[in-house]
Amino acid sequence: MADDELETIRRQRMAELQAKHGDASKNPQQGEEAKQRETDMRNSILAQVLEQSARARLSNLALVKPEKANAVENYLIQMARFGSLGGKISESGLIEILEKVSQQTDKKTTVKFNRRRVMDSDDDEDDY
């Protein structure tokens, strides 16, 4: 990444930290402004990192599974901050990242049957 992009990301991160730890609880309007700034910052970083088709796919995912989209966005922003992205991520690259996140957050569904023993006919030896 270029130095100006890194400086932009640093300023955005500093603003985010100040918004989180600032006096947002004293004035609700400032809290809303801080949330708006954070959202704008996230969108600008994602616009720098993702191609248009990948952004469209991510926004579609956000409609269906907002928690997974948020995890992917956080992952992409973190990669951008550490400079581990070589360039803009295409749609196929985003699909690979989605698969990684899916594997990491894959929830195993288990079903446990609790059988009632109160009126179990197998226990009784009543042959009528």
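The residue that is most open to solvent (accessible area, probe 1.4 Å), among those in region 41-54 that are part of a helix (DSSP H, G or I) and in contact (Cβ under 8 Å) with a residue 40 or more places away in the chain, is Gln48. Pairs meeting the criteria (first residue in region 100-121 and farther than 22 Å from Tyr75 by Cα, second residue modelled with pLDDT under 85 and in a loop (DSSP other than H, G, I, E, B), beta carbons under 9 Å, at least 6 apart or on different chains) are Arg117/Asp123.
Quick one: which residue in Glu96, Glu91 is charged (D, E, K, R), over 15 Å from Ile45 (Cα atoms) and touching a residue at least 40 places away in the same chain (Cβ under 8 Å)? First the steps, then the outcome.
Details: Glu96 fails: touching a residue at least 40 places away in the same chain (Cβ under 8 Å).
Only one candidate passes the filter, namely Glu91.
When Glu7, Glu38 are screened for being modelled with pLDDT of 85 or more and either open to solvent by less than 90 Å² (accessible area, probe 1.4 Å) or under 26 Å from Ile97 (Cα atoms) (or both), only Glu38 passes.
How many residues does region 77-118 contain that are in a loop (DSSP other than H, G, I, E, B) and either of a type in the set (Val, Ile, Thr) or open to solvent by 100 Å² or more (accessible area, probe 1.4 Å) (or both)? If you could, list the steps in order and put the result at the bottom.
Filtering region 77-118 down to residues in a loop (DSSP other than H, G, I, E, B) leaves 83-88, 90, 105-118.
This time we only want the ones that are either of a type in the set (Val, Ile, Thr) or open to solvent by 100 Å² or more (accessible area, probe 1.4 Å) (or both), so: 88, 105, 107-118.
Qualifying residue count, region 77-118: 14.
The values are calculated or read from the model by the stated rules, or taken from the named source; none is laboratory data. What you see is a predicted model, and the numbers here were worked out from it, not measured in a lab. Note that we place each Cβ from the backbone using ideal geometry, even for glycine, and neighbour counts take in every protein chain shown. Side chains included, ligands, DNA and RNA excluded: accessible areas come from the protein's heavy atoms. Shrake-Rupley method; radii C 1.70, N 1.55, O 1.52, S 1.80 Å.
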